[in-house]
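The values are calculated or read from the model by the stated rules, or taken from the named source; none is laboratory data. Bear in mind that the values here come from a model prediction, so they are computed numbers and not experimental data. Glycine also receives a Cβ, built like all others from the backbone with ideal geometry; neighbour counts cover every protein chain displayed. Just so you know, the surface numbers come from the protein's heavy atoms only, side chains and all, with ligands and any DNA or RNA stripped out. Shrake-Rupley method; radii C 1.70, N 1.55, O 1.52, S 1.80 Å.
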Amino acid sequence: MARIIVVTSGKGGVGKTTSSASFATGLAMRGHKTVVIDFDVGLRNLDLIMGCERRVVYDLINVVNGEATLNQALIKDKHCENLFILPASQTRDKDALSEAGVERVLNELVQMGFEYIICDSPAGIEHGALMALTFADEAIVVTNPEVSSVRDSDRILGIIQAKSRRAQSGAEPVKEHLLITRYSPKRVENNEMLSHTDVQEILRIPLIGIIPESEQVLHASNQGNPAIHFKGTDVAEAYEDVVSRFLGSELPLRFTSYEKPGILQRIFGVK
């Protein structure tokens, strides 16, 4: 049975689209037929991170408006046989998304045999974000370990619990997961950012993973290649852990502790 997962946040710039790309890629690499949809109408970025920006002909709004079919708009990923991308429009307004139109697109994707439908939401609580979360079965709430980001994530949780289709119909609630990005154990040690336990205590939802702060994320975005493809890096391993936990594996948390440099490292600057 298909699962619709919204990747959302209250604040912009927390790594939501980066996480959507790597999460969807990770599911596809495990053999699951997966589609990732960019709901950030007018400011699309998912196609850049997925490296398919030159292959966009039709977009989500074209499909919603009946100007193109899903088969015309879906872009097959160059690396993963089971992964497809549905880009957003750069020229339309978010109000072009209608609830009925989004529901029709999602139902058609289910009929096409997709196991996982990942909705990459714009930040905040405007129309595009509401359309991305309305039909969600599960939500991955992305936050940085700093107070304003966590506070805005708490607001998004309230919206999910009040305005999702599951909430409105009295069905089983949307299953919520917490993903902490740009985490630096050294800065936590120096009391410069919240610890992962601090964030969990505030938001009170299960932690699915911690993505360490890394320049590799920027390199991956600039190359148009999801970070999970960069094997051997902390970021790729962290996203692999997220996918494994989502699929039911129990794994210990990594990238949470800071080892102070020894005396030789301090003297000679050895990394």
Inset, instruction - Out of all DSSP beta bridges with both ends in the stretch 29-118, state the antiparallel percent to the nearest 5. - result: 20
Inset, instruction - Work out how much length Glu81 to Leu207 would gain on full extension: take 0.36 nm times their residue separation and subtract the Cα-Cα distance, in nm to one decimal. - result: 42.4 nm
Legend entry - Helix-derived mean residue ellipticity, 222 nm - over the chain, DSSP H n ≥ 4, -39500 (n - 2.57), to 500: -11500 deg cm²/dmol
Inset, instruction - Answer with one residue from Ser9, His196, Ile156: the one whose Cα lies farthest towards the positive end of the charge dipole of the chain, charges on Cβ with Lys, Arg +1 and Asp, Glu -1. - result: His196
Inset, instruction - For Ser184 and Gln200, calculate 0.36 nm times their separation in residues minus their Cα-Cα distance, and state this gained length in nm to one decimal. - result: 4.2 nm
Inset, instruction - Note down the magnitude of the dipole of the stretch 76-180 about its Cα centre, charges +1 on Lys and Arg C-beta and -1 on Asp and Glu C-beta and zero elsewhere, to the nearest 20 debye. - result: 120
Inset, instruction - Obtain the nm distance between the two label points defined at Arg55 and Leu43 by a simple spin-label model: each point lies 7 Å from its Cα along the Cα-to-C-beta direction. - result: 2.6
Legend entry - Contour minus Cα-Cα distance for Arg254 and Glu108 (0.36 nm per residue): 48.7 nm
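State the percentage of accessible surface on the stretch 147-237 attributable to carbon and sulfur atoms; use a 1.4 Å probe and exclude ligands, DNA and RNA.
44
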Legend entry - the chain - charge dipole about Cα centre, Lys and Arg +1 at Cβ, Asp and Glu -1, debye rounded to 20: 340
Legend entry - Pairs from Lys11/Lys231; Lys11/Lys163; Lys16/Lys94; Lys33/Lys94; Lys16/Lys78; Lys11/Lys94 whose Cα-Cα separation, in the structure shown, is over 24 Å: Lys11/Lys231; Lys33/Lys94
Legend entry - Test item: Cα-centred dipole of the stretch 120-165, Lys/Arg +1 and Asp/Glu -1 on Cβ, debye: 180
Inset, instruction - Mind checking which of Gly51, Gln72, Asn62 is farthest towards the positive end of the stretch 41-98's charge dipole, using Cβ charges of +1 (Lys, Arg) and -1 (Asp, Glu) about the Cα centre? - result: Gly51
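Using packing as a proxy for protection, rank 45-51, 240-246 so that the peptide with the highest average count of other Cβ atoms within 10 Å comes first.
The packing order, highest mean first, is 45-51, 240-246.
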